[in-house]
Amino acid sequence: MARILLYTSPASGHTFPPVPTALELASRGHEVAVRTGSDDLESVRRSGLRAEAVDPRIAAIEVDDWRASNPLSATRRLFSAFARRAEFELPDFQAAIAAERPDLAWIDINCIAASAAAEASGVSWAHYLPYPHPVPAVGVPPHGPGLAPASGPLGRLRDGGLNAVNRAAFRSLLPPFNKMRRSLGLPAFRSGYDYYLSAPILIQFSAEPFEYSRRWPANVRLVGPGLWDPEGEAPGWLAAEERPIVLLSASTEYQDDGALIAAGLEALAGEDYAVIATTAANDPAAFVPTPNSRVERFIPHRPILSRAAAVVCHGGMGTTQKALAAGVPVCVVPFLRDQFEIARRVRVCRAGEGLPAKRLGAEPLRAAVRKTIAQRPGAERVAAAFSAAGGPKRAADELEGLLA
């Protein structure tokens with residue numbers, strides 16, 4: 001059996017998805033060691049995996065793209081944070097390699113220094129990607145703004161122009177990354193997209209039709225979502241609740257999305273739903289519950305989803321996929337990053353609705369939720385496709401193929 005090192009960035013949305021595959025690998029007799037952020041360390045350990053914290057200086061560098069005034073500025077802030085984290089991530093990962101002596105390193109795509117170190121080490125390695133793949137493809141809208149797929153000459157013109165802008169933006173972020181690569185004896189990347197193609201295998205936690213049908217890069221393996229949450233008991237009051245439930249959910253990583261919770265509480269106050277709001281990175285005391293609602297920082301979502309009529313969220317991949325995997329339609333109010341892409345995908349596969357954050361208010365959100373609830377057949381189609389993608393067993397098979 002093999003030694004496997006799972007290395008993640010310090011964010012729950014990147015720590016949780018690979019856990020089911022890691023548990024599957026451990027069940028097959030492999031020795032799995034995890035390095036992750038301290039906030040999720042105990043949860044991962046309680047799953048049965050051996051885990052240690054990454055250097056706390058990595059998480060101390062804030063990802064503050066939510067402060068940006070436009071998408072390009074947000075992208076620059078995001079990659080700037082990754083580059084600054086790399087200073088501590090590189091020696092941290094190298095120390096983990098020395099301590100664990102793995103046969104395979106499986107690395108979060110956001111860990112750019114760990115990825116370069118793995119490539120230079122000679123150890124077998126792979127990436128995982130818990131958000132939509134950004135590399136351009138024919139018929140796929142340019143990554144970022146959440147544009148609808150377009151065809152014909154005008155669509156190709158639009159996509160070609162915006163992809164050129166994206167390439168330039170990614171290229172401008174390469175210098176610090178390439179400096180690090182050269183220090184490790186690795187060739188420089190010519191395009192920012194080269195990074196997503198660099199690992200022998202990239203496990204992508206998604207599947208069509210939630211993803212656009214396309215010619216996928218040769219290293220991509222679509223295995224469906226990584227569905228895992230820390231153990232938690234359903235609250236006692238849930239069993240007594242007979243009304244259909246609408247779940248409001250904010251991001252676990254702070255992005256100033258409290259307006260979503262406030263608007264949701266107001267929009268649904270007069271509706272015949274039980275409204276459950278989980279504020280996550282936002283202080284629950286900042287919101288005033290309505291007579292038909294409960295506001296908590298965290299409540300396990302799984303028992304709620306089994307009863308939910310709809311989920312209203314920021315469009316984080318984890319929350320959105322968990323809802324769709326349960327056959328629950330989603331209303332996405334995107335704020336930043338890949339959330340615009342996720343909102344569009346939900347609409348294209350007819351599994352819910354999207355509402356721009358600039359239009360967020362009680363009346364528009366109420367209307368969007370009503371439309372979302374009617375999209376359950378689309379959500380159920382996505383759930384069936386997710387189930388058929390193979391999940392942790394398929395991902396573990398692919399990783400074992402690298403060991404072979």
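Nothing in this text is a laboratory measurement; each read-out follows from the coordinates by a stated rule. Owing to the predicted nature of the structure, the values given are computational and were not obtained by experimental measurement. Here the Cβ is made from the backbone with ideal geometry for all residues, glycine too, and neighbour counts use every protein chain on show.
Key figures for this structure:
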| quantity | calculated |
| --- | --- |
| Charge dipole magnitude, Cβ of K and R +1, D and E -1 - the chain, Cα centre, debye nearest 20 | 1340 debye |
| Residue-span extension gain [Arg350 to Ser387] - 0.36 nm each, minus C-alpha spacing | 11.5 nm |
| Relative contact order (percent, whole number), segment 236-386, Cα cutoff 8 Å, 6+ residue spacing | 22 percent |
| Sequence of Ile373, Ile112, Ile107 once ranked by neighbouring C-beta atoms within 10 Å, starting from the fewest | Ile373, Ile112, Ile107 |
| Using alpha-carbon coordinates, inclination of helix 152-172 to the longest axis of the chain, degrees | 60 degrees |
| Sites Ala81 and Arg167, calculated FRET efficiency, Cβ-Cβ separation with R0 25 Å, nearest 0.05 | 0.75 |
| Interchain or long-range residues, amide H under 5 Å from Ser293's placed H | Val275 |
| Degrees separating the helix 391-403 axis from the principal Cα axis of the chain, which is the longest one | 0 degrees |
| Rounded to 10°, Cα long-axis angle of helix 174-183 versus longest principal axis of the chain | 30 degrees |
| Cβ-defined net charge surrounding Met180, 15 Å radius [Lys, Arg +1; Asp, Glu -1] | 0 |
| Low-density loop cleavage sites - trypsin sites (Lys or Arg not before Pro) in segment 173-242, where at most 14 other Cβ are within 10 Å (DSSP) | Arg190, Arg215 |
| Neighbour-count ranking [beta-carbon atoms within 10 angstrom, fewest first] of Leu202, Leu248 | Leu202, Leu248 |
| Label-point separation, Ser306 to Ala60 (7 Å along Cα→Cβ), nm | 4.3 nm |
| Exposed chymotrypsin sites (Phe, Trp or Tyr not before Pro) absent - longest run of the chain, DSSP non-H/G/I/E/B, at most 16 other C-beta within 10 Å | 1-253 |
| MRE, 222 nm, helices only [DSSP H, n ≥ 4, -39500 (n - 2.57), over the chain, to nearest 500] | -12500 deg cm²/dmol |
| Sorted by Cβ density within 10 Å, fewest first, the residues Met1, Met180, Met317 | Met1, Met180, Met317 |
| Which of Val135, Ser12, Thr279, positive extreme of dipole for the chain (C-beta unit charges) | Val135 |
| Cα-projected label distance for Ala362 with Trp216, points at 7 Å along beta-carbon direction, nm | 4.5 nm |
